[in-house]
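The values are calculated or read from the model by the stated rules, or taken from the named source; none is laboratory data. Source: prediction; values computed, not measured. Cβ atoms come from the backbone with ideal geometry, glycine included; neighbour counts cover every protein chain shown. Heavy atoms of the whole protein, side chains included, go into the accessibility calculation; ligands, DNA and RNA do not. Shrake-Rupley method; radii C 1.70, N 1.55, O 1.52, S 1.80 Å.
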Amino acid sequence: MTNSFEEAGSEGVGDGTRAVRAGLPEPVKHEPTLPGPVFAAHFHLPGDPTGPYTYGRDENPTWTHLERAIGELEAPGQDGVETLVFASGMAAISAVLFSQLSAGDTVVLPDDGYQVLPLVRGQLEAYGIEVRTAPTGGDAQLDVLDGAKLLWIETPSNPGLDVCDVRRLVEAAHARGALVAVDNTLATPLGQRPLELGADFSVASGTKQLTGHGDVLLGYVAGVDASAMTSVRRWRKIVGAIPGPMEAWLAHRSLATLQMRVDRQNASAQVIAETLRDWPEELGVRYPGLPGDPSHKIASQQMRRFGCVVSFTLPTRARADRFLDALRLVDDATSFGGVRSTAERRGRWGGDAVPEGFIRFSVGAEDPEDLVADVRRALDESAE
Ligand SMILES: Cc1ncc(COP(=O)(O)O)c(C=O)c1O
């Protein structure tokens, strides 16, 4: 089932138009535009158990609409893309890694990616899978690709905001017979389209900017390799890490404002990054949208928007804590991508190789001049 918007060629329209229409079913008189969440553990099923809807762990109509929507955003107009939604980003990541790899295989992971990846690494190794790691920046993955079955990249990386050249790595990996998965959480499908860059999987936490309100946990895998996606689907069935219908519906509703949120938040992130760059103290600010940033060149080639996360380093842990305390419009909280700005001292978790004063700042949808004023005041007040 497609809708008339898709049939008319959704690839020809702008991101805002695509976002507000993504995944909507054909209009039906007296029915809502986006059908409400379907709460069903099972569906009427006389006779042979054929699909599409049999049991609620396998399929749900609310997921179907959302999966279609995400697929349209990740790969507009691209044939053969399948999207599966999960209970969280980690459920989606684990589904790819554990469905594609088995004992004796080798995988390449980033050594500077999301802080749960080292736990995943331990589990992969416990199952007899060899794990090699490489930093995200500088395409260092090329040196450890030989013999790998899967290359996992996270670009931009969280929280360091390094970027690697997806096309170049895909070419090298495919030449060696390895599949490539890209964690697209930070960029969102409006910022980067990994499948267009040649990747086999685009995987993301929808918990962040995709849904954008800090109230939903969600993940997804979009892929082009039919047999690989069959394994990912099978993994979802086995493990059962499925999203609730309410979460799936909330996520779909949030997609309608994705372009507005992303454009507003990312433009403000650029302004905050420039403010921090021009501050009289050297703050080591990182933002792929800054022309002087080490990530900027590749990011400009492969990204369409640079994200809403800015990172920088205050000289000490105490200064960073005072800064966070002094902010009035920015919550001290983890996660990122929400319409309400958040920031945190990343070192408090102990999982990232960052200095004690390292701050990850997620820029929300507040008025940029208010945010800039808040940041400037907090920097002043927290100085000794
Ligand atoms: C880059 C990245 N990937 C994956 C995840 C995991 O997502 P979730 O928290 O939805 O499981 C996160 C969470 O912060 C993340 O930042």
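Quick look at the values:
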item	result
Count - residues of the range 339-384 that are farther than 17 Å from Asp263 by Cα, small (Gly, Ala, Ser) and open to solvent by 30 Å² or more (accessible area, probe 1.4 Å)	5
Only listed residue being modelled with pLDDT of 95 or more, open to solvent by 10 Å² or more (accessible area, probe 1.4 Å), over 27 Å from Arg168 (Cα atoms) and not in a helix (DSSP H, G or I), chosen from Asp263, Asp215	Asp215
Selection count, the range 122-133, where residues are open to solvent by 30 Å² or more (accessible area, probe 1.4 Å) and in a helix (DSSP H, G or I)	4
Breaking point among (1) surrounded by 18 or more Cβ atoms within 10 Å (Cβ to Cβ); (2) away from the ligand (no atom under 15 Å from the Cβ); (3) among the β-branched types (Val, Ile, Thr), for Val144	(1)
Hits in the range 156-177 (condition: in contact (Cβ under 8 Å) with a residue 60 or more places away in the chain and either in a loop (DSSP other than H, G, I, E, B) or not assigned by TED's automatic domain parsing to the domain that holds Pro110 (or both))	Pro156, Asn158, Pro159, Gly160, Leu161, Asp162, Val163, Cys164, Asp165
Subset of the range 22-44 [closer than 12 Å to Trp249 by Cβ and open to solvent by less than 30 Å² (accessible area, probe 1.4 Å)]	Gly23
Some residue of the range 328-336 being over 23 Å from Arg193 (Cβ atoms), surrounded by fewer than 17 Cβ atoms within 10 Å (Cβ to Cβ) and among the β-branched types (Val, Ile, Thr)	yes
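Let's see how each residue does on (1) within 15 Å of the ligand (Cβ to nearest atom); (2) touching a residue at least 60 places away in the same chain (Cβ under 8 Å); (3) farther than 20 Å from Val239 by Cβ; (4) assigned to a strand (DSSP E or B):
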residue	(1), (2), (3), (4)
His65	no, yes, yes, no
Ala69	no, yes, yes, no
Pro76	no, yes, yes, no
Val85	yes, yes, no, yes
Ile93	yes, yes, no, no
Phe98	yes, yes, no, no
Asp112	yes, yes, yes, no
Val120	yes, no, no, no
